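K.L.:
One structure follows; several queries about it will come next.
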Amino acid sequence: MAEDRLSKIVSLCRRRSFVFGGSEIYGGLSSIWDYGPLGARLKKRIKDIWWDTYVEKKEDILGLDSSIIMHEDVFKASGHLEGFTDSLVDCPKCKKRFRIDKLEKISENLYRCVECSSEIDSNKHKPRKFNLMLKTNVSATEDEPNYGYLRPETAQGIFTNFINVLNSTHKKLPFGIAQIGKAFRNEVTTGSFIFRMKEFEQMEIEYFVKPEEAARAYEYWVKERFDFYTSKLGIRKENLRLREHEKDELAHYAKSCTDIEYNFPFGWSELEGIANRGNFDLTEHGRVSKKDHSYFNEATKEKFIPYVIEPSAGVDRTFFAVISDAYHEEEVNGKTRVVLKLKPNLAANYAAIFPLLKNKPELVELAKKIFYDIKVKFPATYDDTGAIGKLYRRQDEIGTPLCITVDVESLTDNKVTIRDRDTMQQERISIEKILEYIEAKVK
Ligand code: GAP
């Protein structure tokens with residue numbers, strides 16, 4: 001059933017141009033995905049809402065756009081070179097490679113292969129450490145390579161710019177630096193659509209505080225980020241939950257961490273992590289770069305390294321959660337209606353405009369005029385490539401909140417039929433009220 005739902009969502013994403021396989025015409029690459037025309041727009045809406053909420057609307061958070069390729073020393077300092085590894089084991093029978101922590105444990109050293117079900121004895125087939133970072137040559141020649149790394153988290157670009165931001169903006173604690181951008185990890189566990197990718201996007205905030213204020217700021221961000229998913233993205237509360245990390249599962253830098261989990265079609269899994277990273281990163285960058293990363297409090301004349309609270313969300317997982325939450329099937333007149341009940345302002349198009357009869361030039365002309373008038377203000381689409389029922393179904397599947405039909409009467413009464421995606425109720429409204437109507441729907 002869950003698998004069925006997952007495959008239906010994947011199929012909708014493909015059919016309606018949300019998500020395609022990466023490099024597909026050449027056979028694809030595992031865990032690499034491309035966003036199609038509608039997916040790119042939904043993804044942008046999610047990022048815009050996050051950026052607007054935290055960077056544009058908050059006084060204490062500054063935006064940043066740092067580079068993806070970073071110096072090797074960044075990752076010496078952050079601990080990623082040493083510790084950002086998976087323990088991998090090879091199955092002696094099917095020769096496939098797995099993360100040992102993802103295999104079923106039969107007894108002390110015995111694991112079950114997920115591919116061919118044979119037993120893997122970790123004493124005989126020793127697990128090997130495998131670094132997840134992607135390395136790239138940034139030198140002009142291959143003979144004298146100079147390696148950089150594609151960042152595995154956007155956070156490091158924030159830490160390495162901490163002094164720059166502090167010195168150029170003179171911000172006082174507490175303050176945050178926010179960034180949206182790509183991150184790369186050579187993940188071995190694949191599958192589950194866009195849940196685990198090798199190239200993905202993060203929306204991260206590093207919120208710097210005095211050490212004694214860290215615990216309170218951590219509580220604040222856990223609540224704030226949970227509420228964001230329900231209030232700003234319309235995700236149903238019953239599909240979200242918090243899970244605090246056990247001490248033995250904390251990342252090497254974290255003092256505490258809470259995951260916001262979503263009930264994905266394959267079960268509850270991490271959507272976002274909120275961590276108290278203490279002063280680990282700034283201390284380590286100070287040590288390795290030999291540049292002072294402390295903060296000077298003018299009022300108390302104290303000098304200290306701030307603590308940092310980090311709400312770290314994945315754009316792709318948020319996209320997946322939004323689509324999964326919105327996906328509905330309903331029985332209507334003996335047929336299954338597939339509808340994406342997206343929060344209206346997330347939809348790629350806020351309205352779709354159709355002429356009832358495409359072979360009536362006056363109707364097409366009026367429908368196109370209405371479309372162009374709407375398009376100036378809101379994202380909209382025009383379609384006359386099918387019968388009205390088919391056009392409605394198409395828009396339902398991509399989550400367009402309103403469909404507007406221009407018919408013969410529109411030419412004389414200056415009214416159109418407007419249909420609501422969720423209730424399927426139709427109303428006749430005057431053409432001059434259309435913009436107002438859309439605005440009320442998507443606010
Ligand atoms: N800076 C902290 C950090 O990167 P993380 O828990 O490894 O922490 C944060 O990642 C978020 O980034 C995750 O909650 C998830 O949403 C997203 N993420 C991490 N790895 C991912 C992957 N391979 N594919 C897609 N999203 C991923």
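K.L.:
Can you compute the equivalent ellipsoid semi-axes for segment 240-279, i.e. the square root of 5 times each eigenvalue of the Cα gyration tensor, sorted largest first and rounded to whole Å?
P.N.:
Result for segment 240-279: semi-axes of 22, 9, 7 Å.
K.L.:
Keeping every protein chain present and rolling a 1.4 Å probe, give me the accessible area per residue for segment 164-231 in Å².
P.N.:
Solvent-accessible surface per residue comes out at 40 Å².
K.L.:
Sticking with this one: How large is log10 of I(q)/I(0) for segment 1-158 at q = 0.12, 0.16 Å⁻¹ when the intensity is taken from the Debye formula with one equal scatterer per alpha-carbon?
P.N.:
The calculated log intensity ratios at q = 0.12, 0.16 Å⁻¹ are -0.94, -1.23.
K.L.:
At a Förster radius of 25 Å, what calculated FRET efficiency corresponds to the Cβ-Cβ distance of LYS375 and ASN414, to the nearest 0.05?
P.N.:
Once the sixth-power term is evaluated, E becomes 0.80.
K.L.:
On average, how much accessible surface per residue is there in segment 288-443, in Å², for a 1.4 Å probe, leaving out ligands, DNA and RNA?
P.N.:
Here the per-residue accessible area is 48 Å².
K.L.:
Ignoring any ligand, DNA or RNA, what whole percent of the accessible area of segment 1-100 comes from carbon and sulfur when the probe is 1.4 angstrom?
P.N.:
54
K.L.:
In terms of the ratio Rg/(2.2 N^0.38 Å) built on C-alpha atoms, what value belongs to segment 40-88?
P.N.:
1.69
K.L.:
Can I ask one more? Return, for the Cα atoms of segment 118-195, the radius of gyration and Dmax in Å, separated by a comma.
P.N.:
Rg and Dmax of segment 118-195, Cα atoms, are 19.4, 60 Å.
K.L.:
Picking from GLY36, GLY79, GLY334, which is most flexible by a Gaussian network model of the chain using Cα springs under 10 Å?
P.N.:
Largest GNM mean-square fluctuation: GLY334.
K.L.:
If you take the charge dipole of segment 268-400 about its Cα centre, with +1 on Lys and Arg Cβ and -1 on Asp and Glu Cβ, which of SER324, THR400, ALA351 is farthest toward its positive end?
P.N.:
In segment 268-400, that residue is ALA351.
K.L.:
Determine the share of segment 308-443's accessible area contributed by carbon and sulfur atoms, expressed in whole percent, with a 1.4 angstrom probe.
P.N.:
51
K.L.:
Next question, about the same structure. Give me Rg over Rh for segment 171-305, both radii from the alpha carbons and Rh done the Kirkwood way, two decimal places.
P.N.:
Checking Rg against Rh, the ratio lands at 1.00.
K.L.:
Let me ask another. Suppose every Lys and Arg Cβ carries +1 and every Asp and Glu Cβ carries -1, with no other charges. What dipole size does segment 1-89 come out with about its Cα centre, to the nearest 20 debye?
P.N.:
720
K.L.:
Right, here's the next one. Would you list which aspartates and glutamates come within 13 Å of LYS415, measuring only between C-alpha atoms, while excluding same-chain residues fewer than 8 positions from it?
P.N.:
ASP407, GLU427, GLU432
K.L.:
Convert 4 °C to kelvin, take the viscosity as 1.567 mPa s, use the Kirkwood radius over C-alpha pairs of the chain as Rh, and evaluate the Stokes-Einstein diffusion coefficient in µm²/s, rounded to a whole number.
P.N.:
In µm²/s, the coefficient is 52.
K.L.:
Spelling out what I want: for every residue of segment 279-295, take phi, set θ = phi - 60°, compute 6.51 cos²θ - 1.76 cosθ + 1.60 (Karplus), and round to whole Hz; glycine and proline get x.
P.N.:
So the J values, rounded to whole Hz, are 10, 3, 5, 5, 4, 5, 5, x, 5, 6, 7, 6, 10, 5, 10, 8, 10.
K.L.:
Separate question: Of GLU224, GLU302, GLU153, which has the largest mean-square fluctuation in a 10 Å C-alpha GNM of the chain?
P.N.:
GLU302
K.L.:
Once you've got the Cα coordinates, tell me which of LYS58/LYS301; LYS76/LYS291; LYS76/LYS290; LYS57/LYS172; LYS375/LYS443; LYS105/LYS237 are over 22 Å apart.
P.N.:
Beyond 22 Å between Cα atoms: LYS58/LYS301; LYS105/LYS237.
K.L.:
Another question, if that's okay. With only alpha-carbon atoms in the gyration tensor, what are the semi-axes of the equivalent ellipsoid for segment 295-379, in Å, largest first?
P.N.:
Its equivalent ellipsoid spans semi-axes of 50, 23, 8 Å.
K.L.:
Could you list which residues have their amide H under 5 Å from that of GLY63, counting only those 5 or more apart in sequence or on another chain, with H placed in the peptide plane?
P.N.:
Answer set, sorted by chain and number: ALA178.
K.L.:
Once label points are set 7 Å from the Cα along Cα→Cβ at both GLN426 and LYS126, what is their separation, rounded to one decimal in nm?
P.N.:
Placing both labels 7 Å beyond Cα along the Cβ direction yields 7.3 nm.
K.L.:
So, for segment 14-90, what is the accessible surface per residue at a probe of 1.4 Å, expressed in square angstrom?
P.N.:
I get 52 Å² per residue for this part.
K.L.:
Could you point to the residue in ASN123, SER78, TYR26 farthest towards the positive end of segment 20-170's charge dipole, with +1 and -1 charges on the Cβ of Lys/Arg and Asp/Glu respectively?
P.N.:
ASN123
K.L.:
Set the bar at 21 Å for Cα to Cα. Now go through LYS223/LYS303; LYS129/LYS255; LYS129/LYS198; LYS47/LYS341 and name every pair that lies beyond it.
P.N.:
Going by Cα-Cα distance, LYS223/LYS303; LYS129/LYS255 fall outside the 21 Å limit.
K.L.:
Give the carbon-plus-sulfur fraction of the accessible surface of segment 208-306 in %, rounded to a whole number; probe 1.4 Å, heavy atoms of protein chains only.
P.N.:
Here it works out to 49 percent.
K.L.:
Just to be sure I understand: with springs between alpha-carbon atoms less than 10 Å apart, which residue in ALA348, ALA387, ALA40 has the highest mean-square fluctuation in the Gaussian network model of the chain?
P.N.:
Largest GNM mean-square fluctuation: ALA387.
K.L.:
If the only charges are +1 at each Lys and Arg Cβ and -1 at each Asp and Glu Cβ, what is the size of the charge dipole of segment 1-155 around the Cα centre, to the nearest 20 debye?
P.N.:
It comes to approximately 840 debye.
K.L.:
How big is the charge dipole of the chain about its Cα centre, in debye rounded to the nearest 20, if each Lys and Arg gets +1 on its Cβ and each Asp and Glu gets -1 on its Cβ?
P.N.:
580
The values are calculated or read from the model by the stated rules, or taken from the named source; none is laboratory data. Source: prediction; values computed, not measured. Positions of Cβ are generated from backbone atoms using ideal geometry, with glycine treated the same way; all protein chains shown enter the neighbour counts. All accessible areas refer to the heavy atoms of the entire protein, side chains included, with ligands and DNA or RNA removed. Shrake-Rupley method; radii C 1.70, N 1.55, O 1.52, S 1.80 Å.
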